[in-house]
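> Mind looking over this structure? Questions follow.
Read-outs: derived from the displayed coordinates by stated rules, not from any lab. Just so it is clear, the structure is predicted and the values come from calculations on it, not from any experiment. Positions of Cβ are backbone-derived with ideal geometry, glycine not excepted, and every protein chain shown enters the neighbour counts.
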Amino acid sequence: MATMNVNGAEASLPEDPRVSLLDMLRDHLSLPGTKKGCNQGACGACTVLVDGERILSCLALAVQYEGRSITTIEGLGQPGQLHPIQKAFVEHDGFQCGYCTPGQICSAVGMLAEVERGVPSHVTGDLETVMLTREEMRERMSGNLCRCGAYNGIIDAIADGLEAESRAEAAQ
Ligand code: FES
Ligand code: FES
């Protein structure tokens, strides 16, 4: 049977090859944390991690991801055991309605991994050493729209959360 791994558990792929990864997560696996905003790749609300890389799940067919590991917001943290970036969103008022927040958080986690791999962005000056400045963060998070305009809190939360995550990794 064709499967993928979702948040650490095996999940069967849908029989219908037209089902998007977003619909599979929300409707087939009852994981409503990943949000459907535009359903056409324009808002970032549906961002999830595939083997650590961020993708837009509304533009992905579930069957393309056989054998891959998907992490949704439910897999990053849970109440009482929040991911450092989730905690930082709460502490910095990084949301109002919260609809964009799961996508923002998954995107931020994927972004840190991109910077660690040295992947440059449109605003990167020094291609040898990619520094995560606020300008870099804004550029790299520009695919995640927030209808409430909570951008200042989002950037503060990501900056703080990434720092906390780096500290936690260094301590391991
Ligand atoms: S719902 Fe996927 S980008 Fe908007
Ligand atoms: S917090 Fe409402 S859309 Fe971002």
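> Report the charge-dipole magnitude of the chain in Debye, nearest 20, computed about the Cα centre from +1 at each Lys and Arg Cβ and -1 at each Asp and Glu Cβ.
Dipole size: approximately 460 debye.
> Counting other Cβ atoms within 10 Å, which trypsin sites (Lys or Arg not before Pro) in the stretch 95-172 have at most 10 and lie in a DSSP loop?
Answer by residue number: ARG117.
> Just flag the GluC sites (Glu not before Pro) in the stretch 61-113 sitting in loop per DSSP whose Cβ has no more than 14 other Cβ atoms within 10 Å.
Taking the stretch 61-113 and a limit of 14 other Cβ atoms within 10 Å, the loop GluC sites (Glu not before Pro) found are GLU66.
> Where Rh is the Kirkwood radius over the Cα pairs of the stretch 128-170, the temperature 4 °C and the viscosity 1.567 mPa s, what D in µm²/s does Stokes-Einstein return?
Here the translational diffusion coefficient equals 113 µm²/s.
> Right, here's the next one. Once you order the gyration tensor axes a ≥ b ≥ c over the Cα atoms, which shape class does the stretch 53-153 get: rounded for a/c under 1.5, otherwise prolate or oblate by comparing a/b with b/c?
Cα axes put the stretch 53-153 in the oblate bin.
> Would you please calculate the Kirkwood hydrodynamic radius of the stretch 19-105 over all C-alpha pairs and express it in Å, rounded to one decimal?
Result for the stretch 19-105, one decimal place: 13.2 Å.
> Continuing with this model, one more query. Angle between the Cα long axis of helix 101-116 and the longest principal axis of the chain, 0 to 90 degrees, nearest 10?
70 degrees
> In addition: How many nm is it between the label spots at VAL19 and THR133, if each spot is 7 Å from the Cα in line with the beta carbon?
For VAL19 paired with THR133, the spin-label model returns 4.6 nm.
> Then there is this: Quick check: Cα centre of the stretch 1-24 to Cα centre of the stretch 113-142, how many Å?
Measuring centre to centre over Cα atoms gives 32 Å.
> Compute the normalised compactness of the chain: alpha-carbon radius of gyration over 2.2 N^0.38 Å, N being the residue count.
Compared with the compact-globule rule of thumb, the chain sits at 1.02.
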